[in-house]
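Remarks on the structure that follows.
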Amino acid sequence: MAFRGAHIQVDHVSHAYRRGGPLAIRDMSFDVTPGEALVLVGRSGCGKSTLLQILCGLLHPADGRVLIEGEPVEAPSPDWVMMFQAPSLYPWMTVEQNVALGLRFSGRSREIKSRVPEMLELVELSAFAKRNVQDLSGGQQQRVALARSLAPNPHVLLLDEPLSALDAFTRHALQRDIRRIAAEMGITLVLVTHDIQEAVMMADRALVLSANPGEISAEIGIPIAGERLPNTPEFAAARHELVRAYEAAAGLAMADVDRLETEAAEPLPAARQGRA
């Protein structure tokens, strides 16, 4: 599949939710290279979701700017799409009708007949095309939301903790599949999470944010080749480095850091039958 990810530039971005109020994020600058998977990680209140909404064009920064392929981001676009914590599907529609919505809303209805089956195959839901979405599991519903997001063929996929409400096994399966699909399609991926294990599983690089206001505290590369398995030394080393950076950004006591690393290293539950 052709490489088509976009270059993102974040240039001295700051934001406050009201004029004269406290800054949610302050003077953030970084680049995301085409096809890279970047994770924004930090404790609640560090501005991760605020920054992601600015990247998507849902918020305008108080200062600074965001450029995608050299063009300023001023509004949402089918070229950069966001997945939220809730799949936000229309429960009275079938799976294929929900997946078609992105194409329909962007004036590309003629592509629905060919594009929707392709997306359902990509997320392994072809057999569920005619099913009503309210009959699906939580993991399956997120796969529908992913297919809907991918249908317009975006250059950038933004993820605001869309897997946080899922059980550990389903979450791990989707982490693996989203990373694989983004790589196959050449999509630039930006993920928000506070889950260290998820960050190492999905990203090529992590920006660790401190809070009050949100600022970049550390940049951690995650250069793990091939499939990412939590029980490998490479995965454990990246997780350890990210936990320590998280500790420095959050100002955690050593006992909290040890607990955080233990939780991040917990093994995944045994595989269950059925599609996540």
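The values are calculated or read from the model by the stated rules, or taken from the named source; none is laboratory data. Fair warning: this is a prediction, and the values are worked out from it, not measured in the lab. When we count neighbours, we look across all protein chains shown, and the Cβ atoms used for this are built from the backbone with ideal geometry, even at glycine.
Key figures for this structure:
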item: Strands (runs of 3 or more DSSP E) wholly inside the range 1-91 containing at least 3 residues that are in contact with a Ser or Thr (Cβ under 7 Å, 6 or more places away or on another chain) and closer than 23 Å to E198 by Cα; result: none
item: Selected residue (criterion: modelled with the lowest pLDDT) from residues of the range 225-264 that are outside any helix (DSSP H, G or I) and loosely packed, with under 14 Cβ neighbours inside 10 Å; result: A253
item: For T33: the one exception among (1) β-branched (V, I, T); (2) surrounded by fewer than 21 Cβ atoms within 10 Å (Cβ to Cβ); (3) over 20 Å from A182 (Cα atoms); result: (3)
item: Residue list for the range 35-63, restricted to those being touching a Lys or Arg at 6+ places or on another chain (Cβ under 8 Å) and not hydrophobic (A, V, I, L, M, F, W, C); result: E36, G42
item: Test: residue in the range 200-214 that is surrounded by fewer than 19 Cβ atoms within 10 Å (Cβ to Cβ), out of contact with any Cys (no Cβ under 6 Å at 6 or more places or on another chain) and under 12 Å from A37 (Cα atoms); result: yes
item: Set P72, P117, P76, P91: member being in contact with a Leu (Cβ under 7 Å, 6 or more places away or on another chain) and exposed (fewer than 15 other Cβ atoms within 10 Å of the Cβ); result: P76
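Okay, residues lined up against (1) part of a strand (DSSP E or B); (2) at pLDDT 90 or above:
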{"position": "G107", "(1), (2)": "no, no"}
{"position": "R110", "(1), (2)": "no, yes"}
{"position": "E118", "(1), (2)": "no, yes"}
{"position": "V144", "(1), (2)": "no, yes"}
{"position": "R148", "(1), (2)": "no, yes"}
{"position": "V192", "(1), (2)": "yes, yes"}
{"position": "V200", "(1), (2)": "no, yes"}
